[in-house]
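The values are calculated or read from the model by the stated rules, or taken from the named source; none is laboratory data. Here the structure is a predicted model, which is why all the values come from computation and not from measurement. As a convention, Cβ positions derive from the backbone with ideal geometry for all residues, glycine included, and neighbour counts pool all protein chains shown.
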Amino acid sequence: MKKFKLNAYGLLLCAVALSSAALAKPEQRKDRTNKRHEKQPIGVSLPTFSEEDLTLQQIISNLNLVETIPDVSSLPHISEPIPQLGMKLFFTKSLGGEKTVACASCHHPRLGGADGLSLPIGTNALEPDVVGPLRVVNGEINIPRNSPTIFNSGLAESSLFWDGRVEKVTSTDNLGNEITFISTPDSGFGQPDNNASSDLVSTLSRFPVTSVEEMRGAAFPNAQNNESVREHIAARLGNYGSGTNDLEKNTWLQEFRKAFNSQQGAESLITFDSIAMALGQYQSSVKLVNTPWHKYLKGELRALSDKQKRGASLFFTQISEGGAGCVNCHGGTRFSNDRFFNLAFPQFGIGLDDQNTDVGRFAIDAQQQHMFGFRVPSLLNIELTAPYGHSGAYESLEEVVAHYVNPVNAIDAFFAKGGACGLAQFKHDPNCETLNVNAIENSQAALALLQLSPFVAPPLDSEQQSDLVSFLKSLTDDCARSPRCVRRFEPGPHTLDPDNLRLRVQNALLGRI
């Protein structure tokens, strides 16, 4: 492989990689009386740049990619009181209606902020405290979509959930004033939810607890609506009203008073608004953006291998210029434009209707362009969040990239391996074929629409696909890949347990036997 010593052009092109200290000439002593003691200039050995560096540095300069380094300074830190309260809430099963499910059951820090399953298992888990690949359903799968990661969710500015049903909307009122609000399933698409929190993540936290399949179960049978369910949960933690003595142990009031620095009574302090705020602050504190790619942008040229640099060049180069064009949808600080697209990832599972179809964004915003469309996910820490796609159809990044290159072949390969029955989660499930009902037909319908769209498949050969996958793995934060490091986002052995309902997970139960 060719190597280049930096010349004046190289120095200019790669200035981001060179420190001023390395280029500075040493000061010479001004000893005019004794030339023998005059300090001689010291030669500076400049870094050696590969072809891959020169190509990638030009792309970085042209696209101003240094500006895409995420700024997480405004997000909370996990050590702060409210995120600490949120962490305790995130791991307690008392937020589950039947006290069997915690938020962390499907969004665990040691599983990339998700659960390692194609389709999540909520209230119908055979063993509630088993989390990850070994979590088994008691009965049939009843949740249609893959669990998204909570990592870096605080950076989301547009919408959350696969269909964006919790969404920040900007519109103009009758007087011509620009207004911004959050729309949710409670308010209806495009309408302001007056009970929404001030941010997307806290607002999202209001909904899993209301889902019968995810966290509520058969609890609170007299609840008339979602808000009523939330009131029951708040009363349970606050030990007042309908929740009086619902928990055998309950020291939540002390925890809330400490976190909010308040001596208010439980009915004023422990509301679902304060619960959602704490949950949102915790999730927003899980900011993991210290990746090899960002180190490279900051000047650490050895942070990436040559293979990863080639993959990065493909990622940021348009298809018409020989690249993969990934940046068109996966650009910006989060590697996502937060829009909705149909990419015809294989459909399987229960879907949203009696034909097991999941039409994605179209279900809440019935524009034809949204049929089978799902939100573009962030690629930060993508290596850790398999399986991929709205239904978790692909178990590796290699399969995902292969789908972009040839969707027809990828879909055929998925069903040739048995569809749902070929996935790790279901291959030993005697009922797996029920998840394949209408799966081929629904997948082909999505594929037909994709073929009519402006989508262009990048013509990458096997080596280029491998390079691209290698680059995607450079988007993994150092701490995120370390079980020991991410435990800062879990209650420790000395963290007070306010209700003795904390989700207790061992490494073996996470699937790491």
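In this structure, Phe471 does not satisfy being surrounded by fewer than 19 Cβ atoms within 10 Å (Cβ to Cβ), closer than 30 Å to Lys309 by Cα and not β-branched (Val, Ile, Thr). Here Arg488 meets each of (1) more than 19 Å from Cys106 (Cα to Cα); (2) at pLDDT 95 or above; (3) not hydrophobic (A, V, I, L, M, F, W, C) with one exception, condition (1). So for the range 130-141 (the condition being crowded, with 23+ Cβ neighbours inside 10 Å, farther than 29 Å from Arg502 by Cα and in contact (Cβ under 8 Å) with a residue 12 or more places away in the chain), does at least one residue qualify? No, the range 130-141 contains no residue that is crowded, with 23+ Cβ neighbours inside 10 Å, farther than 29 Å from Arg502 by Cα and in contact (Cβ under 8 Å) with a residue 12 or more places away in the chain. Taken over the range 60-76, residues that are among the β-branched types (Val, Ile, Thr) and assigned to a helix (DSSP H, G or I) amount to 3. Could you grab me the full set of residues in the range 77-91 that are surrounded by fewer than 24 Cβ atoms within 10 Å (Cβ to Cβ) and part of a loop (DSSP other than H, G, I, E, B)? Passing the criteria: His77, Ile78, Ser79, Glu80. Within the option set Leu496, Leu449, Leu435, Leu472, being within 22 Å of the chain's Cα centre (by Cα) and either farther than 20 Å from Ala324 by Cα or assigned to a helix (DSSP H, G or I) (or both) holds for one residue only, Leu472.
Of all the numbered requirements in (1) under 26 Å from Pro346 (Cα atoms); (2) surrounded by 14 or more Cβ atoms within 10 Å (Cβ to Cβ), Pro430 misses one, and that requirement is (2). Tally up the residues in the range 52-92 that are within 20 Å of Ser153 (Cα to Cα) and of a type outside the set (Val, Ile, Thr), please. Residues meeting the conditions: 20. Within 30 Å of Ala235 (Cβ to Cβ) and modelled with pLDDT of 95 or more: does that describe Pro70? No. Looking only at the range 400-419, decide whether some residue is on the phi > 0 side of the Ramachandran plot, in the same structural domain as Leu450 (by TED's automatic domain parsing) and touching a residue at least 24 places away in the same chain (Cβ under 8 Å). Checked against the condition, which is being on the phi > 0 side of the Ramachandran plot, in the same structural domain as Leu450 (by TED's automatic domain parsing) and touching a residue at least 24 places away in the same chain (Cβ under 8 Å), the range 400-419 yields at least one hit.
Does the range 299-308 contain any residue that is closer than 26 Å to Ala446 by Cα and not in a helix (DSSP H, G or I)? No; the residues of the range 299-308 include none that is closer than 26 Å to Ala446 by Cα and not in a helix (DSSP H, G or I).
Checking each residue of the range 326-333 against the condition of being more than 21 Å from the chain's Cα centre (by Cα) and among the small types (Gly, Ala, Ser) gives no match.
Here Phe315 fulfils each of the conditions (1) surrounded by fewer than 21 Cβ atoms within 10 Å (Cβ to Cβ); (2) assigned to a helix (DSSP H, G or I); (3) in contact (Cβ under 8 Å) with a residue 24 or more places away in the chain apart from (1). Restrict the check to the range 454-461 and report whether at least one residue is within 23 Å of the chain's Cα centre (by Cα), of a type outside the set (D, E, K, R) and over 28 Å from Gln506 (Cβ atoms). Within the range 454-461, not a single residue is within 23 Å of the chain's Cα centre (by Cα), of a type outside the set (D, E, K, R) and over 28 Å from Gln506 (Cβ atoms). Exactly one residue out of Lys307, Lys249 is under 30 Å from Gln84 (Cβ atoms) and among the basic types (Lys, Arg): that is Lys249. Could you say whether any residue in the range 139-158 is in a strand (DSSP E or B), in contact with a strand residue (DSSP E or B) (Cβ under 9 Å, 6 or more places away or on another chain) and modelled with pLDDT of 95 or more? Checked against the condition, which is being in a strand (DSSP E or B), in contact with a strand residue (DSSP E or B) (Cβ under 9 Å, 6 or more places away or on another chain) and modelled with pLDDT of 95 or more, the range 139-158 yields no hits at all. Kindly establish whether Asp163 is among the acidic types (Asp, Glu), under 22 Å from Phe345 (Cβ atoms) and in contact with a helix residue (DSSP H, G or I) (Cβ under 6 Å, 6 or more places away or on another chain). Yes: the conditions hold for Asp163. Screening Cys106 against (1) more than 17 Å from the chain's Cα centre (by Cα); (2) closer than 25 Å to Gln347 by Cβ leaves a single unmet condition, (1). From the list Asp365, Asp353, Asp306, the one residue that fits, being more than 17 Å from Gln465 (Cα to Cα), surrounded by fewer than 16 Cβ atoms within 10 Å (Cβ to Cβ) and modelled with pLDDT of 95 or more, is Asp353. Candidates Ser118, Ser94: the one that is surrounded by fewer than 24 Cβ atoms within 10 Å (Cβ to Cβ) and either in contact (Cβ under 8 Å) with a residue 12 or more places away in the chain or within 28 Å of Asn239 (Cβ to Cβ) (or both) is Ser94.
Checking the range 164-185 against the condition returns no match, with no residue being of a type in the set (Asp, Glu), outside any strand (DSSP E or B) and surrounded by 15 or more Cβ atoms within 10 Å (Cβ to Cβ). Of the listed requirements (1) closer than 30 Å to Glu52 by Cα; (2) in contact (Cβ under 8 Å) with a residue 60 or more places away in the chain, Gln283 misses just one: (1).
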